[in-house]
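Student: Quick one: the structure is below, and I'll ask about it shortly.
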Amino acid sequence: MEENMISMQSGTSLSKKLLTVLILGLVMGCAQEGQEAEQADSETAAVQENAESGFKSIFNGENLDGWEGDPRLWSVEEGVIVGETSEENNIEENTFLIWEEGEPANFEARFEYRFVETGGELSGNSGFQYRSERFTTEDKPDLKYRVRGNQGDFAVSDWIPGLHYEEKKRGILARRGQRVVIDSEGEKEEERFAEEAELGKYIVHDEWNKYHVYANGDTMRASINNQLMHEVIDHSGENLEKGVLAFQLHVGPPMRVEIRNVELKLLD
């Protein structure tokens, strides 16, 4: 009798354990399905958002198809564009990774960037070229990845990130926190809408920063991390109406810049 009771209790205990295992399995399965569904919904929402907003990716996340630059300096790692110089692979002039599939006139562009330590040092100077043109010079004909024109600047620096620089042409057109109107004679009228140092607090050089450029007609402006950095309204006629897009590696100490989620929206 006691043996029968023990056998029955053991059977009941085993049944309870099996039931518990089955329930846990169902709960974990449902949780996993829920996470997968949530991830799928998130990815679908991101695609839909881009489609509705008109932005299209111009970097495939796998390789540099559609882009041209010095292969010693530019590569793709884990879905990210990497621009890197070193003591062995240094540069004598600013060089660029150039988008080959168009010369936008009126558009919006957005991407994310960060700088990464090299040799224990965080340094670097880069930028996003737009409404720009390729060029070579007679004294350095072999340097073929050269660009001049408008640039939204970003760098490991207190004052450079967020300014508007016209590469190899008129230089600084607007500092961070400035709205500049250039008249038909080339004269500049400057207005400060925010303090340069205050805007700099929104930028963290070694973390991902969101960069947004808007160019439409005579108006060009840039934002970093949803903060307007500068605006230039150029009536001088000196600015290119359209041109290439490119990312810069600046002459200087060894550096590594990483760029991802490069998207473009045409406005005409």
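Student: Among the residues that make up region 132-142, is at least one of them under 22 Å from GLU166 (Cα atoms), among the aromatic types (Phe, Trp, Tyr) and open to solvent by 10 Å² or more (accessible area, probe 1.4 Å)?
Tutor: Scanning region 132-142, I find at least one residue that is under 22 Å from GLU166 (Cα atoms), among the aromatic types (Phe, Trp, Tyr) and open to solvent by 10 Å² or more (accessible area, probe 1.4 Å), so the answer is yes.
Student: Where residues in region 78-107 are in contact with a Ser or Thr (Cβ under 8 Å, 6 or more places away or on another chain) and either without any contact (Cβ under 8 Å) to a residue 12 or more places away in the chain or not in a strand (DSSP E or B) (or both), which of them is farthest from GLY152 (Cα to Cα)?
Tutor: SER86
Student: For the condition more than 22 Å from LEU249 (Cβ to Cβ) and of a type outside the set (D, E, K, R), what is the one hit in LEU173, LEU199, LEU143, LEU163? Quick ask: steps written out before the conclusion?
Tutor: Numbers: LEU173 fails: more than 22 Å from LEU249 (Cβ to Cβ); LEU143 fails: more than 22 Å from LEU249 (Cβ to Cβ); LEU163 fails: more than 22 Å from LEU249 (Cβ to Cβ).
One residue alone meets the criteria, LEU199.
Student: Return a yes/no flag: does region 108-129 have any residue that is modelled with pLDDT of 95 or more, open to solvent by 50 Å² or more (accessible area, probe 1.4 Å), hydrophobic (A, V, I, L, M, F, W, C) and not in a strand (DSSP E or B).
Tutor: yes
Student: What residue, of GLU241, GLU198, GLU185, GLU189, is assigned to a strand (DSSP E or B), open to solvent by 70 Å² or more (accessible area, probe 1.4 Å) and out of contact with any Leu (no Cβ under 7 Å at 6 or more places or on another chain)? Walk me through it before giving the result.
Tutor: On the way: GLU241 fails: assigned to a strand (DSSP E or B); GLU198 fails: assigned to a strand (DSSP E or B); GLU185 fails: assigned to a strand (DSSP E or B).
That would be GLU189, the only listed residue that is assigned to a strand (DSSP E or B), open to solvent by 70 Å² or more (accessible area, probe 1.4 Å) and out of contact with any Leu (no Cβ under 7 Å at 6 or more places or on another chain).
Student: Would you call SER53 within 30 Å of PHE247 (Cα to Cα), open to solvent by less than 40 Å² (accessible area, probe 1.4 Å) and modelled with pLDDT under 95?
Tutor: Details: within 30 Å of PHE247 (Cα to Cα): yes; open to solvent by less than 40 Å² (accessible area, probe 1.4 Å): yes; modelled with pLDDT under 95: yes.
Yes.
Student: Could you list, in sequence order, the residues of region 133-151 that are among the basic types (Lys, Arg), part of a strand (DSSP E or B) and without any contact (Cβ under 8 Å) to a residue 60 or more places away in the chain? If you could, list the steps in order and put the result at the bottom.
Tutor: Initial filter on region 133-151 (among the basic types (Lys, Arg)): 134, 140, 144, 146, 148.
Filter again for part of a strand (DSSP E or B), leaving 134, 140, 148.
Passing the criteria: LYS140, ARG148.
Student: Give me the residue from region 68-77 that is assigned to a strand (DSSP E or B) and of a type in the set (A, V, I, L, M, F, W, C) and, out of that set, most open to solvent (accessible area, probe 1.4 Å). Break it down into steps so the answer makes sense when it comes.
Tutor: Of region 68-77, the ones assigned to a strand (DSSP E or B) are 68, 74-77.
Next, only the ones that are of a type in the set (A, V, I, L, M, F, W, C) stay: 74, 76.
Values: TRP74: 12, VAL76: 41 Å².
Only one residue fits best here, namely VAL76.
Student: Any residue that is at pLDDT 95 or above, of a type in the set (Asp, Glu) and over 22 Å from the mean Cα position of the chain (by Cα) - is there at least one of those in region 227-240?
Tutor: Yes, region 227-240 contains a residue that is at pLDDT 95 or above, of a type in the set (Asp, Glu) and over 22 Å from the mean Cα position of the chain (by Cα).
Student: Which of the residues that make up region 179-196 are closer than 18 Å to ASN226 by Cβ and touching a residue at least 24 places away in the same chain (Cβ under 8 Å)? Lay out the reasoning, then the answer.
Tutor: Going residue by residue through region 179-196, those that are closer than 18 Å to ASN226 by Cβ are 179, 193-196.
Result: ARG179, PHE193, ALA194, GLU196.
The values are calculated or read from the model by the stated rules, or taken from the named source; none is laboratory data. All values reported here derive from a predicted model rather than from experimental measurement. Every residue, glycine as well, gets a Cβ built from its backbone with ideal geometry; the counts of neighbours run over all protein chains shown. Remember, those area values only see protein heavy atoms, side chains included, never the ligands or the DNA or RNA. Shrake-Rupley method; radii C 1.70, N 1.55, O 1.52, S 1.80 Å.
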